Amino acid sequence: VMFLFGNGASIYAGSQSTMNFSLEEYANDKKFARIEKELRSICSSLDGIEEQLNALITMRSFFSIMRQSQVYSNLESLVTDLIDSIKSRLIDSYVKTIDYRNLTWHEVLLRKLRSYGSLAKTQIYTTNYDLAFEYTMDNLSIEYNDGFSGFVKRQFDPRTLVESGKPSLVKIHGSVNWVSEDRRIMAVQPKFKDGHIVIEQDDMKPVLIYPTSNKLHETYSTPYSELMRHMLDEMKSGSNAVFVIGYKYGDEHVNEILYKALENPRNIFYFFIFEKPEKCDFINKVCELVKNMPNINILFGKVLASFENFVNYILPSAAEKTDEEQVLELLQKAMLKNEQNR
């Protein structure tokens, strides 16, 4: 069982949609008065943090070329400061807003998977930076593989992802608690206060793929190249039920893996999309395949594509066995085997 989750899976717990981002407040900041006109033009014509960051990166490139001109002097560094400020705000205002005391549906999802015995064969891929799944699995005493090994210093080691008998959690765009230390990717231990995450290494920038046009290039570097390769290898082999939920299908490098996974005829796909399918290029292309591929299912709309509704109403469940029931089941199996041996 494979899941690909996007930010839509964390919105209910307090994560903010990056589509609500606007450069308007920066245009009102005196610090950026020299580029106020450009900022207002960007935020009035482009939606979401990714499109606006891409525009800023293009603007910085232009100012870099024109920096010899007195009119554009120092504007390159000014835009760089703005981009860095936005990246910091992305974590503080859109990711750290999650209330980790309110992860009800993450818990229900994992309990259901455990109840019918598929948790050990579950792989969770996510573009999210938050620690919602890590926090929930710890609360439920679920051991999992996340690509890191060690205890005091947890270091990135992709070999751990192929260990059997445990669910896998693969964060293909990085995590708020990943940092670079001596050219190694380390996972630092977070703390939680009043339901919100606290990372003490404030002087260290988290290792993340930010929502910009540079995403594809960044996936070629460690650790993302190993994580993406693992995702591709797993989806192209075996027989898998693949659920894609809370994801906007806006990342070409992720979509490319999904396209290749479609080549595996033993997979069954469930693509959830919040909006109408015709508004999404990826889903439009997949819709053409549905005519000849009965293993593809597309579910759309605010009700069906809701993470909460999927977990509550669509994902099946079975009653979890108590310790006594598990012991009794083992005894019955032992007695049956003994009878067969006779």
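The values are calculated or read from the model by the stated rules, or taken from the named source; none is laboratory data. Everything numeric here is computed off the predicted structure, so don't read it as measured data. All Cβ positions, glycine included, derive from the backbone under ideal geometry; neighbour counts span all protein chains shown. Note: accessible area is taken over every heavy atom of the protein model, side chains too, but ligands, DNA and RNA are not part of it. Shrake-Rupley method; radii C 1.70, N 1.55, O 1.52, S 1.80 Å.
Using beta carbons and a limit of 6 Å, which pairs, at least six apart or on different chains, have the first residue in the range 137-155 and within 15 Å of residue 111 (Cβ to Cβ) and part of a loop (DSSP other than H, G, I, E, B) and the second one of a type in the set (A, V, I, L, M) and open to solvent by less than 60 Å² (accessible area, probe 1.4 Å)?
140/110; 144/137; 144/169
Out of the residues in the range 129-153 that are modelled with pLDDT of 90 or more and of a type in the set (D, E, K, R), which is most open to solvent (accessible area, probe 1.4 Å)? Even if it seems obvious, please write down each step before you answer.
Filtering the range 129-153 for residues modelled with pLDDT of 90 or more gives 129-149.
Okay, now just the ones that are also of a type in the set (D, E, K, R), so 130, 134, 138, 143, 146.
Values: 130: 12, 134: 27, 138: 100, 143: 122, 146: 24 Å².
Filtering first and then ranking leaves 143.
Here are 297, 264: which of them is part of a loop (DSSP other than H, G, I, E, B) and open to solvent by less than 60 Å² (accessible area, probe 1.4 Å)?
Checking each option against the conditions leaves just 264.
Only one residue in 288, 278, 339, 329 is on the phi < 0 side of the Ramachandran plot, within 25 Å of the chain's Cα centre (by Cα), open to solvent by 20 Å² or more (accessible area, probe 1.4 Å) and acidic (Asp, Glu), so which one is that?
On inspection, the qualifying residue turns out to be 278.
What number of residues within the range 203-236 are modelled with pLDDT of 75 or more, of a type in the set (A, V, I, L, M, F, W, C) and part of a loop (DSSP other than H, G, I, E, B)?
Summing the residues that are modelled with pLDDT of 75 or more, of a type in the set (A, V, I, L, M, F, W, C) and part of a loop (DSSP other than H, G, I, E, B) in the range 203-236 gives 1.
Consider residue 194 carefully, then state whether it is at pLDDT 90 or above and of a type in the set (D, E, K, R).
yes
Going through the range 92-128 one residue at a time, which ones are among the β-branched types (Val, Ile, Thr), surrounded by 23 or more Cβ atoms within 10 Å (Cβ to Cβ) and in a helix (DSSP H, G or I)?
95
Within the range 184-197, track down each residue that is closer than 14 Å to residue 153 by Cα and of a type in the set (Lys, Arg).
Here is the first cut: in the range 184-197, the residues closer than 14 Å to residue 153 by Cα are 184-190.
184, the sole residue that qualifies.
May I ask you to list the residues in the range 155-178 that are surrounded by 17 or more Cβ atoms within 10 Å (Cβ to Cβ) and modelled with pLDDT under 90?
158, 161
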